[in-house]
Amino acid sequence: MRGIVSVAGYVPYRRLQRSAVAQVFGNGGGKGSRAVASHDEDTTTMGVEAARLALRAAPTVAPDGLWFATATPAYLDKTNATAIHAALRLPAEVPAFDFGGALRSGVGAVVSALRAEGSGTTLVVLADMRDGMPTSADESAGGDGAAALVVGDDGPGHPAIAEYLGGASLTDEFLDRWRTVGDRRSKTWEERFGENRYVALGEQAWASALKTSGVTAEEIDKVVVTGMHARSTKALGRKLGVKPESLVDDLSATVGQTGSAHVGLMLASILEQSEPGQLVALVALADGADVLVFRATPALADWSPSDSVADQIAGGADLPYGKFLTWRGMVTPEPPRRPEPQRVSSTAAWRNEDWKYGFVGSKDRSSEAVHLPPSRISMKGGAVDDMEPIGRADSVATIATYTIDRMAYSPSPPIVFAVVDFDGGGRFPVELTDVEPDSVEIGDRVTMTFRKLFTADGIHDYFWKAKPLRAGAAE
Amino acid sequence: MGSHGIKDQVAIVGMGCTRFAEHWDKSLDDLIVEAAGDTFASAGVTKDDVDAYWFGTAQSGMSGITLARPLQLEGKPVTRVENYCTTGSEALRAAAYAVASGAYDVAMAVGAEKVKDSGYQGLNAYPIPNDGTARTLTAAAMFSMVAPAYGKKYGVSEDELSEVLARISWKNHQNGARNPRAQFRKEVSTETICASPRVAGRLGVFDCAGVADGAAAAIVVRAEDAHRYTDKPIYIKALSFAAGSGSGLIDPGYDYTWFPECALAAEDAYRQAGITDPRGQLAMAEVHDCFTPTELVLMEDLGFCARGTAWKEVLAGTFDRTGELPINPDGGLKSFGHPVGASGLRMFFEAWLQLRGEATPERQIETDRKLALTHNLGGYPGEMVSFVSVVGTELG
């Protein structure tokens, strides 16, 4: 039996209240909020965060492969999954592949993993950042987020929490939404054409999936229709023939549609609210229709999310619209009058891969002093080359002292910076993120988060920052 | 093994120092020619009489050629030194040791920095290719972490601490206002200081050293030869240097209320010079007041007062120019300015003037004491190099 072994959603901390758009432009926006990736996040970093959460909830799992799907890759040509692979400290023998470009690549990766019975355990990571021009429907309806699913054959050490009963995928070549390489803005055809195609494809795929799964529409306990074509998802939902209470919140009002990530985010959200034995279905409308049907297993009762989607949604904080536009590159404010950072040295980054991507220091075997970054010679006792690697990415730390740097270069000044002491040993001076500058106190608890420090010469500088430990997140 | 020092073996017999300022109209070469020329004249020598040169610049040039070319030195041993903000002191240390060793009769240390050609405020480190994980904070932010840590450890309230730091800035501006060579020659009220815009943490503009162009230089000879050059040589009593391992940044034991490297260098310097009571023996001290909290904790690291008491001594005026132990009588980095490679030598220049009684009358320190200290640091809390010297007017 193949299914989902673990799952997690990642909703970035910041929210744009859609009403803020009309307050500036006089039109646009709408009701509710959308999730906004921080200036130091991209699809790769959000993917790392989602994957960490999914793996933390299934600590005995060792993935055999890593697939990363996004419609908004940080790099072209270069694989993005390798940075996620490095941050997760996966063995070199575990392959890491990108599914790129299309919105459908997200659900495509999930379907492919579910169909690959006997292929081991695959970590499927989905992430997206949805852009639109100011006041556009895409700007408001879109959202940023990520999800990770551990897909595998049910077994000891990797019990499936949701059994994949079956599904259907229909493919059709028609132009509803498109974006050419290099464009910030997606374009769409007349809305009613897309509705015509998507609803028909969705109904057909739905019927087929129910048949292969051996269940009826009335039996489905939870279902959601996802896709960027809001009119179609709503219309199709009404035509599925399920109990009205079975249609679950698609997070449009709080997170927004997270494009290629939304399938995973919804699966996380739904499974977090499901009971063993319940039937769960998902319909994704993108260049066709994909339907997935699951039954929650008894193992779901023993599984709990590391940081639930609901908690992450509740824990967000608003971002001024001006900051949103700045972070998305829609407006360019005056930069700090400091030299911009130079590009990262590829060779130095490679030599220090465990440190840079995995936040792995070293621990002196004799003095037990923790060195961040790793050191060959101990600062306590001077032992030479007698250290073992010690990861601190998942350790909680306490702020010993802090400052706010209003002069240093940052893509979004000011820099909030703290000296933090890790539980279990080790100190590191580190930048804080997802934080209000005036709220920091000595003694505050923080956790590590994988971020992009800056981009120079097209090279993204990935490293770790610390963020406040918030209620809901596991300590 | 041991740090023995070179007490009374070497004397400074000539010095020069440009005004420190935003010298838009002067190049590095202009500053070097001016400071070196004044120094040659001060010692009564020509460039050819100097046997070896050490040139300190943090990032205005590379190699000894940066000095040899503007001065047109022919075939002399000219070496560039760099050691963060202690660069100028290091140039003098190298020159003094060269003379003490017997290798040369006359050696010269020149320190110069042209920082105002970058187009940016503040100092900016030369980028070295790296893995992108090094912090990118300003020095102001790194040093700003000292103030809250000190306040917390010794029970000094935020308001009290603001008053203390403002008092340090006020004092250094008072001193700089009376110094024709200082960058900022204006007294500033503590109200203005406290109201200045925040730069990093609680530090405002007036908590930060001035950023200036400038150059300073010194000529050293063996002590027994000193009177051939001047009637009032300044003898080197101690030259001490300590580089930290950088472990303060990653050692949970470091609490940001002191600079171990500075305490070590001071201890070693006092031993070399035979000083037992710095506060009672020194006529003055120039210390590295890159930011006001730095000067505060240095008063304790250098042994001028007990741990946890510097803030009270500052408020009591102990370190004013007319106080018990004048600190930074020339205005310090705060108002004299901080051209990195020149600052260490600028500190010696103030000791030179004050001990020889050559400061302008309105700022000459009235004292019978014969010793002065210079302290120069580079780097950041937790990752620092520190220099301490003691100089005096008499042998023995």
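Throughout, read-outs are computed from the coordinates displayed, never taken from laboratory work. For clarity, every value in this text was computed on a predicted model and none was experimentally measured. Neighbour counts run over all protein chains shown; Cβ positions are idealised from the backbone, glycine included.
Taking a sphere under 15 Å around the Cβ of B:VAL314 and counting the other residues whose Cβ falls inside, with K and R at +1 and D and E at -1, yields a net charge of -4. The residues packed around A:ASP318, meaning those with a beta-carbon under 14 Å from its beta-carbon, carry a net charge of +3 if Lys and Arg are +1 and Asp and Glu are -1.
Treating only the Cβ atoms of Lys and Arg (+1) and Asp and Glu (-1) as charged, compute the dipole magnitude of chain A about its Cα centre; round to the nearest 20 debye.
900 debye
Electrostatic bookkeeping for A:LYS234 treats Lys and Arg as +1 and Asp and Glu as -1; over the other residues with beta carbon under 11 Å from its beta carbon, the sum is +1.
About the centre of its Cα atoms, segment B:301-390 shows a dipole size close to 80 debye [charges on the beta carbon of Lys, Arg (+1) and Asp, Glu (-1) only; nearest 20 debye].
For each of A:VAL21, A:VAL419, count neighbouring Cβ atoms within 10 Å of the residue's Cβ, then give the residues from fewest to most.
A:VAL21, A:VAL419
To make sure I understand, if each residue's beta carbon is the centre and we count other beta carbons within 10 Å, what order do B:MET142, A:MET379, B:MET108, A:MET1 fall in, fewest to most?
A:MET1, A:MET379, B:MET142, B:MET108
Here the relative contact order of chain B, from alpha carbon pairs under 8 Å that lie six or more residues apart, stands at 27 percent. Taking each of A:LYS380/B:LYS153; B:LYS153/B:LYS334; B:LYS26/B:LYS370 in turn, the alpha-carbon distance tops 31 angstrom for B:LYS26/B:LYS370. The loop-placed GluC sites (Glu not before Pro) in segment B:33-89, going by DSSP, that have at most 16 neighbouring Cβ atoms within 10 Å of their Cβ come out as B:GLU74.
Does segment A:346-468 classify as rounded, prolate or oblate by the C-alpha gyration tensor (a ≥ b ≥ c root eigenvalues; a/c under 1.5 gives rounded; else a/b over b/c gives prolate, otherwise oblate)? It comes out oblate by the Cα gyration axes. When the alpha carbon gyration tensor of the protein assembly as shown is reduced to an equivalent ellipsoid, its three semi-axes come out at 65, 25, 23 angstrom, largest first.
For chain B, the Cβ-based charge dipole about the Cα centre amounts to some 160 debye (Lys, Arg positive; Asp, Glu negative; other atoms uncharged).
Reported to the nearest whole Å, the Cα centre-to-centre distance from segment A:345-370 to segment B:275-333 is 41. Cross-link reach is defined here as a Cα-Cα straight distance under 17 Å, omitting same-chain residues fewer than 8 places apart; for B:LYS47 the aspartates and glutamates meeting it are B:ASP29, B:ASP30, B:GLU34, B:ASP38, B:GLU74, B:ASP105.
Extent along the principal axes, Cα only, for segment A:2-327: 57, 44, 36 Å, with the longest axis given first. Taking GluC sites (Glu not before Pro) across segment A:117-174, the ones in a DSSP loop with at most 14 further Cβ atoms lying within 10 angstrom of their Cβ are A:GLU117, A:GLU173. For chain A, the relative contact order is 17 percent, taking Cα pairs closer than 8 Å that sit 6 or more residues apart in sequence and dividing their mean separation by the residue count. Restricting attention to the protein assembly as shown, close to 75% of DSSP beta bridges with both partner residues there are antiparallel. When the trypsin sites (Lys or Arg not before Pro) in segment A:129-209 are filtered for DSSP coil states and for at most 14 other beta-carbon atoms within 10 Å of their beta-carbon, the remaining sites are A:ARG184, A:ARG185.
Against chain B, whose longest principal axis comes from its Cα atoms, helix B:340-355 is set at around 80 degrees. Just checking the listed ones, B:ASN124, B:ASN328, B:ASN83: in the Gaussian network model of chain B with Cα springs under 10 Å, the one fluctuating most is B:ASN124.
Against chain A, whose longest principal axis comes from its Cα atoms, helix A:191-213 is set at around 90 degrees.
DSSP beta bridges in chain B, what fraction antiparallel, as a percent rounded to 5? In chain B, approximately 70 percent of DSSP beta bridges are antiparallel ones.
Cross-link reach is defined here as a Cα-Cα straight distance under 17 Å, omitting same-chain residues fewer than 8 places apart; for A:LYS243 the lysines meeting it are A:LYS222, A:LYS234. Computed from Cα atoms, the angle from the helix B:28-43 axis to the main principal axis of chain B rounds to 60 degrees. Would you please state the base-10 log of I(q)/I(0) at q = 0.13, 0.14 1/Å for chain B, with intensities from the Debye formula using one equal scatterer on every alpha carbon? Treating every Cα as an identical point scatterer, log10 I(q)/I(0) equals -1.02, -1.20.
Bridging of A:LYS363 to aspartates and glutamates at a Cα separation below 13 Å is possible for A:ASP385, A:ASP386, A:GLU388, B:ASP251, once same-chain residues fewer than 8 apart are set aside. Exposure proxy shown here: for A:LEU236, A:LEU16, the number of other Cβ atoms within 10 Å sets the order, fewest to most, as A:LEU236, A:LEU16. One Cα centroid belongs to segment B:381-396, the other to segment B:144-191; the line between them spans 23 Å. Annotation: for a label point projected 7 angstrom from Cα along Cα→Cβ of B:ILE128, residues of segment A:310-347 with backbone N closer than 20 Å are A:339-347.
Computed over segment A:102-243, relative contact order equals 18 percent, with contacts defined as Cα pairs under 8 Å that lie 6+ residues apart.
The convex hull drawn around the Cα atoms of segment B:252-360, when projected onto a plane and averaged over every direction, covers 7.7 nm².
Taking 31 Å as the limit for the C-alpha separation, the pairs B:LYS76/B:LYS237; A:LYS187/A:LYS239; B:LYS114/B:LYS152; A:LYS31/A:LYS356 exceed it in the case of B:LYS114/B:LYS152; A:LYS31/A:LYS356.
Segment A:34-68 and segment A:262-329 have Cα centres spaced 13 Å apart. Considering only A:SER346, A:VAL446, A:ALA369, the residue lying farthest towards the positive end of the dipole of segment A:346-468 is A:SER346, judged by Cα position with unit charges set on Cβ. Where both bridge residues fall in segment A:2-327, DSSP classifies roughly 65% of the beta bridges as antiparallel.
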